[in-house]
Amino acid sequence: MTAQAAVSLPLSGPTAWDQLAARQPLLAATMRRYLAQQSVTLAPSSIVSMSNALVRFGVWVIAYDPTVRGATDIDRSHIEAFKLKCITDVHHATGQPLATNTIRQRLRITKVFFDRIIDWEFDDAPARNPIIHGDVPPRPEPLPKFLDDDQMTAFMHHAEVEPDPLRKLCVLLLARTGMRVGELCNLSANPVVEIGDHHSLHVPVGKLRNDRYIPLHSTLVDLIADWQNANAVHIARTGRLLTDDISNVDRHRVSRMVRRIAKNAGIGWVHPHQLRHTLATQAINRGMRLESVAALLGHKNLEMTMVYARIADNTVAEEYFDVTNQVDQLYAAARTSPPSRSRTMDSDIVTSTPIELNRDEALVLFDWLGRHEDAHSIPGNPAEQTALNGLLAALERTLVEPFQADYNEIVQAARTRLTTDSNPS
């Protein structure tokens, strides 16, 4: 089977399905029938993604194993080989290994294909799905990539002074409304409506099959009106607001616009979706309720919006800095004020009742106290023992000799000198 794994077939583009159908018409027919059924309920962009993934898998599997005629011939061995292919594949544009999310999408789409044709009892369906749940990598949950305040300030400055009216309008619409690129490209010819005292932008049905109204910044109201007046003929031709003498803008053209503004602002590579993430993060950081952010972004549930709370939780930040400020004040007070009385006696020795000992006296006293502490026999009542323990601790922090290899000789010499001093000849 593996001898033909390197057969060259197009993996995308207008001829891929034709190539698959020419070599194995049953498999192509099954996949196309499945896509036709899914197109009834899914968005066109989803069908495109599914089509690309399925034809890629179909072209690969018939090259890997020429005995495969239809979906019913595909078994576990084919899926295990396909998984290994995915982790060794590289991106056609970057030459880098495929992202985990790309691998996940390919395997998930293929798994759902088998699930559905089995459920729908297609004649070409296998007896069981060769892809199990554990084959599909878990969904990565990275934090959204957003621009910080300084980066966004620079970006917006260059967007505001951009001389090209279409580029300026597209970029500012993304930055100030949080729209998805697909929603931007599909704006109708007259998307601005007045609701109460404010203007709003009607965002068409998009990724989640819902439309919505977004409050519109006054700057955008004027920019849209100017654009409509100057490009009425072009807009009428396509029925889309963002149309010039070339065509209606698409996501690739919008991405180039955003990258150009970012380059002029000196902030590196920026993807259009980062502007959506940035607006959401700014909104939550400045007190907007999650429900309002969800409505602004067109999220169907708060779980989708909560991801921004993970990076913009003012409550956590405020409580953290409140605590650290209190701790810093404690440290500052300790540096500038005499320490209060404590049970250790060290502060009493240093500040309240200074005790002067020469080096020999300190060494002999430390050694005596240490021997009694080791034997748990420090003399005196509990109060006196506490005082002596504090004195021992203070001496231990002051003396370096106890840590030297010849400590015993040093202490004995100190005893001899003290004895001699106390009994002069």
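Every read-out reported here was derived from the displayed coordinates using simple, explicitly stated rules and does not represent laboratory data. For clarity, every value in this text was computed on a predicted model and none was experimentally measured. Using ideal geometry, Cβ is built from the backbone for each residue, glycine included, and neighbour counts are taken over all protein chains shown.
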- Item | Members of 83/145; 85/145; 83/111 lying beyond 18 Å, as alpha-carbon distances in this model show | 83/145; 85/145
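Quick one: length gained pulling residue 232 to residue 67 fully straight, 0.36 nm per residue minus the C-alpha distance? Mind showing how you got there, number by number?
Values: separation 165, 0.36 × 165 = 59.40 nm, distance 5.78 nm.
Fully extending the segment from residue 232 to residue 67 adds 53.6 nm.
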- Compute the distance in nm between two label points, each set 7 Å from the Cα along the Cα-to-Cβ direction, one at residue 75 and one at residue 271. 4.0
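What list do you get for 51, 255, 377 if you sort them by fewest beta carbons within 10 Å?
Details: 51 20, 255 15, 377 9.
Result, fewest neighbours first: 377, 255, 51.
Say R0 is 41 Å: what FRET efficiency, to the nearest 0.05, do residue 384 and residue 326 get from their beta-carbon distance? Numbers along the way, then the final one.
Working: r = 37 Å, r/R0 = 0.90.
The formula returns an efficiency of 0.65 here.
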- Message: Per 0.36 nm of contour for each residue apart, how much would the distance between residue 421 and residue 164 grow if the chain were fully extended, relative to their Cα-Cα spacing?
- Response: 82.9 nm
- Sorted by chain and number, the residues with a modelled amide H under 5 Å from that of residue 188, at a separation of 5 or more or across chains, are 241
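Pull out the extension gain between residue 33 and residue 49, defined as 0.36 nm times the separation in residues minus the alpha carbon to alpha carbon distance; nm, one decimal.
Values: separation 16, 0.36 × 16 = 5.76 nm, distance 1.57 nm.
4.2 nm is the gain from fully extending residue 33 to residue 49.
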- Inter-label distance, nm, simple model (7 Å from Cα along the C-beta direction), residue 128/residue 398: 8.1
- For the stretch 223-309, which chymotrypsin sites (Phe, Trp or Tyr not before Pro) are in a loop by DSSP, counting at most 10 other Cβ atoms within 10 Å? 269
- Rounded to whole Hz and in sequence order, give me ³J(HN,Hα) for the stretch 231-247 from the Karplus expression 6.51 cos²θ - 1.76 cosθ + 1.60, θ = phi - 60°, writing x for Gly and Pro. 10, 4, 5, 5, 5, 5, 5, 10, x, 10, 4, 8, 10, 10, 6, 8, 5
- Please list the non-local residues whose amide H lies under 5 Å from the amide H of residue 244, H modeled 1.01 Å from N, same-chain partners needing a gap of 5 or more. 249
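What FRET efficiency comes out for residue 194 versus residue 91 if R0 is 60 angstrom and r is the Cβ-Cβ distance? Round to the nearest 0.05.
Once the sixth-power term is evaluated, E becomes 0.80.
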- Note on the structure: The lysines whose Cα lies under 17 Å from the Cα of residue 300, excluding any fewer than 8 residues away in the same chain, are 207
- Message: Cut-off is 10 Å between beta-carbons; in what order do 40, 112, 258 appear when sorted fewest neighbours first?
- Response: 40, 112, 258
- For residue 147, distant residues with modelled amide H under 5 Å away: 278
